[in-house]
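K.L.:
This is the structure I have questions about; it appears just below.
Any read-out appearing in this document is the output of simple, stated calculations on the displayed coordinates, not a laboratory observation. Please read all numbers here as calculations on a predicted model, not as lab measurements. Using ideal geometry, Cβ is built from the backbone for each residue, glycine included, and neighbour counts are taken over all protein chains shown.
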Amino acid sequence: MSVAELKERHSAAIDTVNNLRHQLKQKRLSLLDTDICEYARSQGRTPVTFGPTDLVCCRTLQGHTGKVYSLDWTSEKSQIVSASQDGRLIVWNALTRQKIHAIKLPCAWVMTCAFSPTGQSVACGGLDSVCSIFHLNSPTDKDGNLPVSRMLSGHKGYVSSCQYVPDEDTHLITGSGDQTCVLWDITTGLKTSVFGGEFQSGHTADVYSISINASNSRMFVSGSCDATARLWDTRVASRAVRTFHGHEGDVNAVKFFPDGNRFGTGSDDGTCRLFDIRTGHQLQVYYQQHSDNDIPPVTSIAFSASGRLLFAGYTNGDCYVWDTLLAKVVLDLGSLQDSHDDRISCLGLSADGSALCTGSWDTNLKIWAFGGHRKTT
């Protein structure tokens, strides 16, 4: 068979696959006769009642001198790590506001940070294309700085996100501007698996966010500037399990729903969306119409412990609390007296679900405490 004939057969095969994909998409759309909100209304469900006194700013963490870009809570202790473009990681005691560690970074342009499951280590990454690991119990150098314990090098673009594999201090996953995600063995500093890149089922633009499924740590989802989210299985790195379409802008944030069967996204198109990993269907869109037609991008998201509430941070300083069931905003933290003065760049919920932390370009972090009856909402 000649090269020309092979190319012709390859082209025909691609057309066939694309046609089948289109037919499958149309079939799925035909089955989507409702969304979560419409179904909940048909069942007589009412929105959560949520007032300004149900979520109040109880502490402001001041100490960074640059924009805060990322934060993470420990899984057990009441500690928070934050990354700022002042070139430092700060580990805070969330109860006392005390700075436990102030770590000077080898690269000031940090974009992401994460606690290890035991809280003994923190990881960070940024424009240096390296994920740096710091053991918090290591002795400091002669200048009082905590040394880098391990540098995970191999990405060809900036490191946009990182997360430790649940219940393991020895493995983490990174997302990068080189369009790939990588599973790392921290002990050896080597790549275990690469997701995307040369594979056709990978992202076609920068990966900006990742979230590992707490119910099944072999599964994780990634969000990208190609306007898609993709589901991956760490046992099968060669191709994405599923690709999720719907957004019309960069997917800046992804987060698994508490039950592990769904995940949320936040995008430059100003919407949050909820997807089902089993069917691939979009279940709900969360969008607030603004009177001036300005649509602020979503920068970060998190779910409450039960999943009934979705917290979303926006570039205009708003932080909406959504009722995920009825797609209704029940509170805007940005409208409260103690709100941030600039873009909400990151947010996260404490492990026990009792507090929300938000980080901003105003250089501060704020801890919002729930009323007692709201702890598990």
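K.L.:
Lys and Arg at +1, Asp and Glu at -1: add these up for the other residues within a Cβ distance under 11 Å of Cys181 and post the number. If you can, show how the numbers build up before the last one.
P.N.:
Values: positive: Lys191, Arg230; negative: Asp178.
Taking every Cβ under 11 Å from that of Cys181, the sum is +1.
K.L.:
Which Cys in the chain stand alone, with every other cysteine's Cβ at 4.7 Å or more from theirs?
P.N.:
Cys37, Cys57, Cys58, Cys107, Cys131, Cys162, Cys181, Cys225, Cys272, Cys319, Cys346, Cys357
K.L.:
Give the residue from Cys162, Tyr287, Gly260 lying farthest towards the positive end of the charge dipole for the chain; charges sit on Cβ (+1 for Lys and Arg, -1 for Asp and Glu) and the dipole is referred to the Cα centre.
P.N.:
Gly260
K.L.:
Then there's this: Can you give the relative contact order of the chain as a percent, counting alpha carbon pairs under 8 Å and 6+ residues apart? Mind showing how you got there, number by number?
P.N.:
Details: 1006 pairs, mean separation 52.4, N = 377.
Over the chain, the number comes to 14 percent.
K.L.:
A follow-up question, please. Quick check for me: using +1 on Lys/Arg Cβ and -1 on Asp/Glu Cβ, what's the dipole size of the range 36-374 about its Cα centre, in debye to the nearest 20? Walk me through the intermediate numbers first.
P.N.:
Numbers: 27 positive and 33 negative charges, 138 e Å.
For the range 36-374, the charge dipole is close to 660 debye.
K.L.:
Now a separate question. Starting from the Cα gyration tensor of the range 15-135, take the square roots of the eigenvalues, sort them a ≥ b ≥ c, and report rounded, prolate or oblate (rounded when a/c is under 1.5, otherwise prolate if a/b is larger than b/c, else oblate).
P.N.:
Values: a/c = 3.19, a/b = 1.54, b/c = 2.07.
In terms of gyration-tensor shape, oblate.
K.L.:
What is the distance in Å between the Cα centroid of the range 167-201 and that of the range 29-81?
P.N.:
Going from one Cα centre to the other spans 28 Å.
K.L.:
Given the DSSP H assignment, sum -39500 (n - 2.57) over each helix run of at least 4 residues in the chain and divide by its residue total; what's the result at 222 nm in deg cm²/dmol, nearest 500? Mind dumping the intermediate values first?
P.N.:
Details: 2 runs with 36 residues, N = 377.
So the helix-based figure for the chain works out to -3000 deg cm²/dmol.
K.L.:
Sticking with this structure for a sec: How high is the relative contact order of the range 170-296, in percent, with contacts defined as C-alpha pairs under 8 Å that are six or more residues apart? Walk me through the numbers on the way to the answer.
P.N.:
Numbers: 328 pairs, mean separation 20.3, N = 127.
That works out to 16 percent.
K.L.:
Considering just Cα atoms, how many Å³ per residue does the convex hull of the chain enclose? List each step's numbers first, then the result.
P.N.:
Values: hull volume 57.3 nm³, N = 377.
Looking at the chain, the number lands at 152 Å³ per residue.
K.L.:
Name the residue farthest towards the positive end of the dipole of the chain from the options Gln85, Cys57, Gln337, assuming +1 on Cβ of Lys and Arg, -1 on Cβ of Asp and Glu, about the Cα centre.
P.N.:
Result: Cys57, furthest along the dipole toward the positive end.
K.L.:
So if I take the centroid of the Cα atoms in the range 211-226 and the same for the range 258-295, what is the distance between those two points in Å?
P.N.:
Taking the Cα centre of the range 258-295 as reference, the centre of the range 211-226 is 16 Å away.
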